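Only one structure is covered here, and it is reproduced in the block below.
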Amino acid sequence: MTLQELYFALGGNYNDTKQRLMNDKLINRFLLRFIEDTTMAQLLDAVKIGDRKASFSAAHTLKGVAGNLGLTSLAKSVSVLTEQLRSLEEDADPSLVQDVKEKYDCSFRAIMTLV
Amino acid sequence: MSKSRYTVLIVEDNDLNRDILATILGEEFEILEAKNGQEGLKVLQENVSRISVVLLDLEMPIMNGYQMLQVVKEDELLREIPIIVMTSKENADEEERCLDLGAYDFAQKPYSPRVVIQHIRNIIRLRESASTLNAIEIEAETGVYTRGAFFHYADKLLKKNPDVDYALIMVDIKGFSTEFNKWGSAYVQIIKKEADQLRKSIPDDAICGHYYLERFIALSPIINREESDRKKVVREFIAEIESRVGTTLKFAVYENISHEEDILTSVQYVQEALNNIKSLYNENVSLVDEALINKFERRTYIEEHMQEALANGEIEVYFQPKHSAKDGKIVGAETLMRWCKSGIGFISPGEFVPLFEENGFIVEADAFACDETCRYLRKWIDQGLDVVPISVNTSRYDYTKKNFQNHITESVKRYNIDPELIHIEITESLFQDLSNEATEILKTCRRLGIKIELDDFGTGYSSLHSLAELPIDIVKFDQSFIRKLSQPREQIVMRGCMDIVKSLNLHTVAEGVETEENLLQCIELGIDSIQGYYYSKPLPASEFEKYIG
């Protein structure tokens, strides 16, 4: 899969990402770093034990990471979750978490094809 | 593009996000990185003179971006450095709050490093063309540089003249701030007149600043090389001023300060030198020398590494046996801490324990030592060894924590140890400020069966009164006492003490017994237990295990 195809499949914006991250080589490098990034695991852990503050913090970070990598669809999904959590007044909405998880898994699988 | 000489500090907790920025910005700038506000502040402090711009994320663990902005805002020097805050567009009040905290500019997430680079270039250009320092460089009341301005110009001066030797001088004018509050400008007039007088005796290109309250600071090229007795020169100088102004002055001087090192580091040294003589009425000059710097650096090292040393096992517990004076059998031990660092070697408890007491870390260290003691006791009991009661040290700071007795009783519970196997060592200084609270805590421990030992008896703080007042079971005579037992007068005092202690039904321990002569003197006095090199030095757990095995 080319990067262009990958971004298309994931509902991301390749052109915008390339403009921001300079070139394909760097995009490739940062996408591979995404596989090692533990923020998603931290988010799921925090949600599981009901730690609202940690859930918000992880969601917020994941939003930033996804945004920076141009994974727009994931970024949007996690952004909704982040806003739901921001006030710290309620636990994470399971359906939002599920949506984030699906988008994340999709991205993860697609990026794995680059390895 | 070749790298510019500008340095950018990136403060962002996520490794990947930070890597993206660092990689792309790294093509044009020198990059420093930090994972949270606390780390960011540390890097900022250490590199204050070379960081041009800070890029700051808001949401971070330990210390977030807002908290970091707050600290920077309150620091006269740090707030000179422009901070670009990285925000997301959904959150408009973020920006308002950041502006309020002194943020200089914003960059939108997701990062567009090219745009960020352009922001940074603009800021640097603007600040270089305009005079970038705060509008207030000269303090109106005193006529010298403000603290921030002093640092700035001192740094410039040192960089501009790498071949000139400079001295950094800090002066403490006793009562300056109170007198100033009382007399206002009239008082300053006197000081100013004095300062003008002084001006004539110092080189033209020396600079002066108001450090804070009663402390002033100056950086001056060194001119009078011939005079060998530096202190004498300064003392005469001080005496002359004091006779006219009627207040006390103290000077700290750091000659030949480093041009490479950050000026803030040098300031810390003179500050330390001044602090060293602050309470000495008969000394008014203090020079920064190698010994002071070493001590300061070691202290900084200890303070920066104590946490990890405790976590990674560099700090270990050792056990020093106590033996029965009657038959020489082992009857107990004391837990002591040892800090061994590869590359640096052995850091003496005599050095780190007082420091821990100063900065409060002793509370964690004591809890650690107690927990380790219980852990080993459990291990040895499980191995079927004949264990003896072991005493753990406590400091007065332990007793300011409400949960103190928890740390001992919890360890005892966790490892299922008979409380009679644990003794607590206390010093009398503990009771000077907190007696009620501490007494209650100790009484609770005693009810559980834990014995209380009064440590260092016979040194500075001992009062006979405390023997009657304190809830104690055992008195430990300090080694300074024991080592002088060959002197008849010491013996008489010691006999008297023993009479009192025995009448109170207290058990006795002698510390620091090194020779057979020492031992015989202790036996003759009727002391119950003996601790010291005569029997054994403090042993690591593995050797102590063999010792009781």
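The values are calculated or read from the model by the stated rules, or taken from the named source; none is laboratory data. Bear in mind that the values here come from a model prediction, so they are computed numbers and not experimental data. Quick reminder, even Gly has a Cβ in these numbers, built from the backbone with ideal geometry, and neighbours come from all protein chains shown.
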| Filter result (of a type in the set (D, E, K, R) and without any contact (Cβ under 8 Å) to a residue 24 or more places away in the chain) within region B:533-549 | B:Glu543, B:Lys546
| message | Please determine whether any residue of region A:39-60 is of a type in the set (Asp, Glu), assigned to a helix (DSSP H, G or I), within 10 Å of chain B (Cβ to nearest Cβ) and surrounded by fewer than 22 Cβ atoms within 10 Å (Cβ to Cβ). | response | no
| query | Just a yes or no: is a residue in region B:44-56 modelled with pLDDT under 85, touching a Gly at 6+ places or on another chain (Cβ under 9 Å) and closer than 18 Å to B:Ile81 by Cβ? | reply | no
| request: Return the residue satisfying two criteria in turn: it lies in region B:7-18 and is surrounded by 19 or more Cβ atoms within 10 Å (Cβ to Cβ) and in a helix (DSSP H, G or I), and of such residues it is farthest from the other protein chains (Cβ to nearest Cβ). | output: B:Arg18
| task | Taking B:Asn47 as the residue in question, decide whether it is within 14 Å of another protein chain (Cβ to nearest Cβ), farther than 20 Å from B:Asp105 by Cα and under 32 Å from the mean Cα position of the chain (by Cα). | result | no
| task | Look at region A:1-15 and say how many of its residues are more than 14 Å from chain B (Cβ to nearest Cβ), assigned to a helix (DSSP H, G or I) and free of Cβ contacts under 8 Å to residues at least 12 places away in the same chain. | result | 3
| Among the listed residues B:Ser466, B:Ser503, which satisfies the condition of being more than 23 Å from B:Leu421 (Cα to Cα) and under 31 Å from the mean Cα position of the chain (by Cα)? | B:Ser466
| Hey, any hits in region B:52-62 for a residue that's without any contact (Cβ under 8 Å) to a residue 40 or more places away in the chain and not in a loop (DSSP other than H, G, I, E, B)? | no
| request: Check region B:508-527 and report whether any residue there is over 15 Å from B:Gln479 (Cβ atoms) and surrounded by 17 or more Cβ atoms within 10 Å (Cβ to Cβ). | output: no
| field | Flag for B:Ile62 being at positive phi and within 12 Å of another protein chain (Cβ to nearest Cβ) | value | yes
| Hey, any hits in region B:72-87 for a residue that's touching a Cys at 6+ places or on another chain (Cβ under 9 Å), in a loop (DSSP other than H, G, I, E, B) and either within 14 Å of chain A (Cβ to nearest Cβ) or within 19 Å of A:Arg20 (Cα to Cα) (or both)? | no
| query | Filtering region B:93-107 down to residues that are within 14 Å of another protein chain (Cβ to nearest Cβ) and modelled with pLDDT under 80, which residue is farthest from B:Thr7 (Cα to Cα)? | reply | B:Asp93
| field | Number of the condition not met by B:Ile390 [criteria: (1) loosely packed, with under 14 Cβ neighbours inside 10 Å; (2) more than 27 Å from the chain's Cα centre (by Cα)] | value | (1)
| Here are some residues: B:Glu128, B:Glu90. Which one is within 12 Å of another protein chain (Cβ to nearest Cβ) and at pLDDT below 75? | B:Glu90
| note | All-but-one check, B:Glu27 against (1) outside any helix (DSSP H, G or I); (2) more than 12 Å from chain A (Cβ to nearest Cβ); (3) over 18 Å from A:Gly64 (Cβ atoms), failing number (2)
| message | Among the residues of region A:28-36, are any under 21 Å from B:Ser88 (Cα atoms), within 14 Å of chain B (Cβ to nearest Cβ) and among the basic types (Lys, Arg)? | response | no
| message | Here's a check for you: in region A:16-25, which residue that is facing chain B (nearest Cβ under 9 Å) and surrounded by fewer than 17 Cβ atoms within 10 Å (Cβ to Cβ) is nearest to A:Ala110 (Cα to Cα)? | response | A:Asp16
| message | Given the criteria among the polar types (S, T, N, Q) and within 9 Å of chain B (Cβ to nearest Cβ), does A:Ser73 qualify? | response | no
| said: With the structure loaded, tell me whether A:Thr2 is crowded, with 20+ Cβ neighbours inside 10 Å, within 18 Å of A:Cys106 (Cβ to Cβ) and of a type outside the set (A, V, I, L, M, F, W, C) or whether it fails that test. | reply: no
| What helices (runs of 4 or more DSSP H) completely inside region B:448-504 contain at least 1 residues that are among the aliphatic types (A, V, I, L, M) and at pLDDT 90 or above? | B:488-503
| field | For B:Ile530: the one exception among (1) touching a residue at least 60 places away in the same chain (Cβ under 8 Å); (2) out of contact with any strand residue (DSSP E or B) (no Cβ under 7 Å at 6 or more places or on another chain); (3) among the β-branched types (Val, Ile, Thr) | value | (2)
| request: For region A:81-99, state whether one or more residues are in a helix (DSSP H, G or I), within 12 Å of chain B (Cβ to nearest Cβ), surrounded by fewer than 17 Cβ atoms within 10 Å (Cβ to Cβ) and over 11 Å from the mean Cα position of the chain (by Cα). | output: yes
